[in-house]
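A quick write-up on the structure given underneath.
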Amino acid sequence: MCGIVGYTGKRQAAPLLLAGLSKLEYRGYDSAGICIHEGKQLQVAKAKGRLQVLCDQTNNGDAVKGTVGIGHTRWATHGAPSDINSHPHLSCSGKIAVVHNGIIENEGKLRNKLTKLGLQFYSETDTEVVANLVGYYYGETGDFLTAVRQAVARMEGSYALGILCADLPDTIIAVKKDSPLIFGYGEGEYFIASDVPAILKETQTVSYLDEGEMVMFNPERVQFFDANGDELEKKKEHITWELDAAERGGYDHFMLKEIFEQPKALRDTLSPRLKNGEVVLDGIDLSAEYLKDVRKIYLVACGSAYYVSVLAKYIIEKTCRIPTEAVMASEFRYAHPVIDEKNLVIIISQSGETADTLAALREAKRLGARTLAIVNVVGSAIAKAADQTIYTWAGPEIAVATTKAFSTQLAVVYLLAAYMAQQLGTMEPEIYAKWVQELEKLPEMAEKVLSQENVQKIQYYASRYYGHHDAFYIGRNVDSAICLEGSLKLKEVAYLHSEAYPAGELKHGPISLIENGTLVVALATVQPLFDKTMANIREVKARGADVLCVTIEEMKEAAQENADGILTIPQVLPELQPSLSIIPLQLFAYYVALNRGCDVDKPRNLAKSVTVE
Ligand code: G6P
């Protein structure tokens, strides 16, 4: 979704802002803009479309001179993508410029009030309301900081803001509420950004702004303020992400790079937590004492993280014998969940900022539940708000369609399941030992799935099936959950209509849609259910479907008798099998997308991190 970058220092701001924005392109956007302080003027350049349009318009930033500026990539919410609706927005007075992520919920009311005061609006955006509100109070008070404070006090909703004032040539004010914002420290220069990759090349020392916090800064002075307006010291944090982690590094796409990074990401997430044959969760309390009165576990998340939750239900119920339910975060709050202190709510989020997921976490806390978050981005809102947080160590994930974050979330679910099962005594010691052993081997197994031979096979099947109009992913038990994610990948990056169904449910409707040339991707990795899935494959084949089957090496021959194409993965414990079976599905979606000429890393209409409801 929208991205923010800001800079003040001695260097030319525009090229730095454009470079920063290019690192935020992955979040999804439809227009881009910058505002540079030049003399006593605020110079705005903005354009609908790709960032390249703005780069061409400004000669890669050279055409707009000045050493302080703010930049933005916009993902339309209020008003269509257009040059006028793009950020930054200026106040009528021309004194204030604003970039904004989030949504101002009372913008209608504020717009009416400001219109009555004689102010004019040119765009349909809520951000122009912010610019005029700050502009109005600046006109009244003549003080930039006071004006921002007064404006913010009247705004409802979520916002990360970067604000310039024409009369203060080197100063930026940034404010954060319910939308991420980080402050970056350089040598005599400072940055703001909505996301680490935007400034990673320039600095790895940052402070994360907390709810309601504000920072006013110029090259000589940085002042942080808390939500009450009191000045505060912020802790400096070091970002451990490697510099090249946010680069494509020789791969054609981030998605492909991140698929291949999965063995490393799994290793980084798992190995520090597997010691001497035990699962070790430092700093996390999930002791028998803690768990003894947990009546039910809820897993709450959006998108792929929700599908991890669906998998987790199978895994936790089987291993820990605690009733477990997966709930979409967007539904959670409005479903009147029956939740209290006897419930553990596990929140899963790569970004740690997804609006619905964050809201669900707050609701769970309000209801008195215990909360634990599985998050990738350190210091994110969800990581901070949950009672306990376990980080996935996937590194930065740039492609919109998640791959390595999904895999590492699942890995954490395995760690939690084994750990809790051992605490509760619901797992035989030999089974526990086997789990730990196999978890240790999982990164190596993932490497095997990514062998050149396998990848070539997947490329072949993608080239054979990319022209199909409809796909159905079918499987049973954990396979049915992994089908959801495989099918989502195909929809997201290849724009191919695709649905996922538990194989046993096919006959209750979807089979009526199977005809000549329908693609069915069947997962059959759960050995006790293998024959049943084969029977379902025969049913769809009899109706003309082309069937691609993913199964374990041991069952290859049996599967070959039924399916048109076979992809195999090594056999591990049935619950751990999804970690491997997702990989061919990710690659299949990727290569189908390439064959269909899709923009894999920036799929249409999608955003990496959905920070509005
Ligand atoms: C978006 C992304 C998905 C992601 C979902 C949840 O839809 O495109 O890849 O699974 O948000 O994001 P989160 O950051 O909360 O895991």
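The values are calculated or read from the model by the stated rules, or taken from the named source; none is laboratory data. Everything quoted here is computed from the prediction, not taken from an experiment. Reconstructed Cβ throughout: ideal geometry from the backbone, glycine too, with neighbour counts over all protein chains shown. Accessible surface is based on the protein model in full, side chains and every heavy atom, while ligands, DNA and RNA are left aside. Shrake-Rupley method; radii C 1.70, N 1.55, O 1.52, S 1.80 Å.
What the table shows:
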item	result
Acute angle (nearest 10 degrees) that the helix 478-494 long axis makes with the longest principal axis of the chain, alpha-carbon atoms	50 degrees
Built amide H within the under 5 Å cut-off of Val68, gap 5+	Ala13, His37
Computed FRET value (nearest 0.05) for Asn605 with Arg295, which takes r as the C-beta separation and R₀ as 51 Å	0.80
Additional length obtainable on full extension of the chain from Thr141 to Asp531, 0.36 nm per residue less Cα span	132.8 nm
Dipole axis of region 169-249 (+1 Lys, Arg; -1 Asp, Glu on Cβ), positive-most option in Ala227, Thr205, Gly249	Gly249
Unit charges on C-beta of K, R, D, E only; dipole of the chain, Debye	720 debye
Distant-in-sequence amide H partners of Val327 (H built 1.01 Å from N, under 5 Å)	Leu299, Val300, Ala301
Calculated diffusion of region 208-315, Stokes-Einstein form, Kirkwood radius summed over Cα pairs, 25 °C and 0.890 mPa s, µm²/s	127 µm²/s
With Cα atoms, 0 to 90° folded angle of helix 107-116 axis to the chain main axis	20 degrees
Note, ³J(HN,Hα) from phi for region 286-301, Karplus 6.51, -1.76, 1.60, rounded to Hz, x at Gly and Pro	10, 5, 4, 4, 5, 7, 4, 10, 7, 7, 7, 10, 10, 10, 10, 6
Chymotrypsin sites (Phe, Trp or Tyr not before Pro) lying in DSSP loop within region 109-206, provided at most 11 other Cβ fall within 10 Å	Tyr122
Volume per residue of the C-alpha convex hull in region 50-115, rounded to whole Å³	111 Å³
Bins of 10 Å, starting at 0 and running to the largest distance - Cα pair percent for region 1-97	19, 53, 26, 2
Inter-part distance where region 71-95 and region 1-40 are each reduced to a Cα centre, Å	13 Å
Gyration tensor (alpha-carbon) shape descriptor, region 199-246, a/c threshold 1.5	prolate
Under the Karplus curve 6.51 cos²θ - 1.76 cosθ + 1.60, θ = phi - 60°, whole-Hz ³J(HN,Hα) for region 225-237, x wherever Gly or Pro sits	10, 7, 4, 8, x, 7, 5, 9, 8, 10, 6, 8, 10
Mean ellipticity per residue at 222 nm, deg cm²/dmol - from DSSP H runs of n ≥ 4 across the chain, formula -39500 (n - 2.57)	-11000 deg cm²/dmol
Bins of 5 Å from zero: percent of alpha-carbon pairs in region 128-203	3, 15, 24, 21, 18, 13, 6, 1
Accessible area of the chain divided out per residue, in Å², using a probe of 1.4 angstrom	38 Å²
Interchain or long-range residues, amide H under 5 Å from Thr371's placed H	Val345, Asp387, Gln388
Global geometry of region 107-162, whether rounded, prolate or oblate, following the gyration tensor of its Cα atoms and the 1.5 cut on a/c	oblate
The chain - share of DSSP beta bridges that are antiparallel (%, nearest 5)	60 percent
Calculated FRET efficiency for the pair Ile511/Ala288, C-beta based, R₀ 56 Å, to 0.05	0.75
Between 0 and 90°, nearest 10: helix 577-595 axis offset from the chain longest Cα axis	60 degrees
Gained length - Lys448 relative to Lys365, 0.36 nm times residue gap less alpha-carbon distance	25.7 nm
With every protein chain in place, region 268-416: carbon and sulfur % of accessible area (1.4 Å)	53 percent
Cα Rg over Rh - region 374-479, Kirkwood	1.05
³J(HN,Hα), Karplus 6.51/-1.76/1.60, whole Hz, each residue of region 375-381, x for Gly, Pro	9, 9, 7, 5, x, 6, 4
Top positive-direction residue, dipole computed over the chain with Cβ charges, set Ser609, Gln527, Trp393	Ser609
Pair Lys556, Val280: separation of 7 Å Cα→Cβ label points (nm)	3.9 nm
Computed Kirkwood radius, in angstrom, where 1/r is averaged over Cα pairs of the chain	25.4 Å
Cα lying deepest toward the dipole's positive end in the chain, options Gln423, Ile566, Tyr159, charges on Cβ	Tyr159
Total charge dipole magnitude, region 383-515, about the Cα centre, Cβ charges on Lys, Arg, Asp, Glu only, Debye to nearest 20	200 debye
Efficiency of FRET between Arg154 and Glu317 - r from beta-carbon atoms, R0 60 angstrom, step 0.05	0.80
Estimated distance in nm for a label pair at Gln41 and Thr115, the labels positioned 7 Å out from Cα along Cα-to-Cβ	3.1 nm
Size of region 108-254 as Cα extents on the principal axes (Å, biggest first)	55, 37, 27
Inter-label distance for Thr205 and Tyr334, nm, one decimal - labels placed 7 Å from Cα along Cα-to-Cβ	4.6 nm
Protection-proxy order for peptides 538-551, 497-510, each taking the mean of Cβ atoms within 10 Å per residue, highest first	538-551, 497-510
